[in-house]
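The values are calculated or read from the model by the stated rules, or taken from the named source; none is laboratory data. Model, not experiment: these values are computed from the prediction. With ideal geometry, Cβ positions are generated from the backbone for all residues, glycine too; neighbour counts draw on all protein chains shown. Please note that ligands, DNA and RNA were not included when accessible areas were found on the heavy atoms of the full protein model with its side chains. Shrake-Rupley method; radii C 1.70, N 1.55, O 1.52, S 1.80 Å.
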Amino acid sequence: MTRFTDEEIERYARHLVLREVGGPGQQALKAARVLVVGAGGLGAPVALYLAAAGVGTLGLADADTVALSNLQRQVLYATADIGRPKVEAAAAHLAALNANVAVQAHAVEVHAANAREIVRGYDLVLDGTDNFETRFAVADACVAEGKTLVSGAIGRWTGQVGVFAGKPCYRCLVPEAPPDAETCVAVGVVGALAGVIGSMMALEAVKLIARAGEPLTGRLLVYDALAGEARTVRIGADPHCPTCGSGD
């Protein structure tokens, strides 16, 4: 194992004294390669907390540039970043937060043709994108490459987080794009909700890497911000799922 420097010991002190993380868990975080697909409302807090936690290699995949309307919830960026590619701006801010983290920027749109190639180079994948085409491409690639997926989604005042490792997969939960699927552009989203759900995604990633507690594997946590309530439901594996089932 790589020894921690004195600076790292001080930086990660609150993790190192946690029984569920400690030295072995922090070493696992340092060795981990984590891909964040979508550097927007969810990807921003995910990237901040994973970089702060000491994830050794953090991949960011997003083809967009920073827009003024992003800044209401995408807390990784500043006004001066408007017009810059998100992965470029994100890499700079994350390096300023923790220079020990190697950021790999993928300034591309992830789709069915390139998802497996990108996913293949990482241990764990977090998807915070806002369109089903990308979600399906990432989810299918994770099953094909044997990678665990942490998936998050938000809209209006509601968010959800799930962890998918083999069966059931994301397609068992959402077989196809709903015909009435809403987008944040159309219906809006409260900014702080992105921080809540993104932080939950990052927390699940830390648990998975450090082998702490019980991750949301095969479960979906649904958070209603207006009511201040959360519930967790189990996801059943679909034997006919085109991705992880028999496909009959």
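Tabulated values for the structure
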{"item": "Test: residue in the range 226-247 that is in contact with a Lys or Arg (Cβ under 6 Å, 6 or more places away or on another chain), small (G, A, S) and surrounded by 13 or more Cβ atoms within 10 Å (Cβ to Cβ)", "result": "yes"}
{"item": "Of all residues making up the range 140-189, the number that are of a type outside the set (S, T, N, Q) and not in a helix (DSSP H, G or I)", "result": "31"}
{"item": "Any hit, the range 163-170, residues being among the basic types (K, R) and at positive phi", "result": "no"}
{"item": "Selection from the range 76-99 of residues that are farther than 16 Å from A51 by Cβ, small (G, A, S) and either assigned to a helix (DSSP H, G or I) or open to solvent by 70 Å² or more (accessible area, probe 1.4 Å) (or both)", "result": "A80"}
{"item": "Residues of the range 100-139 that turn out to be outside any helix (DSSP H, G or I), closer than 17 Å to L173 by Cβ and open to solvent by less than 30 Å² (accessible area, probe 1.4 Å), as a count", "result": "5"}
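A quick yes/no check of all residues on (1) in a helix (DSSP H, G or I); (2) at pLDDT 95 or above:
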| residue | (1), (2) |
| --- | --- |
| M1 | no, no |
| E8 | yes, yes |
| R14 | yes, yes |
| R19 | no, yes |
| L48 | yes, yes |
| A51 | yes, yes |
| V55 | no, yes |
| L58 | no, yes |
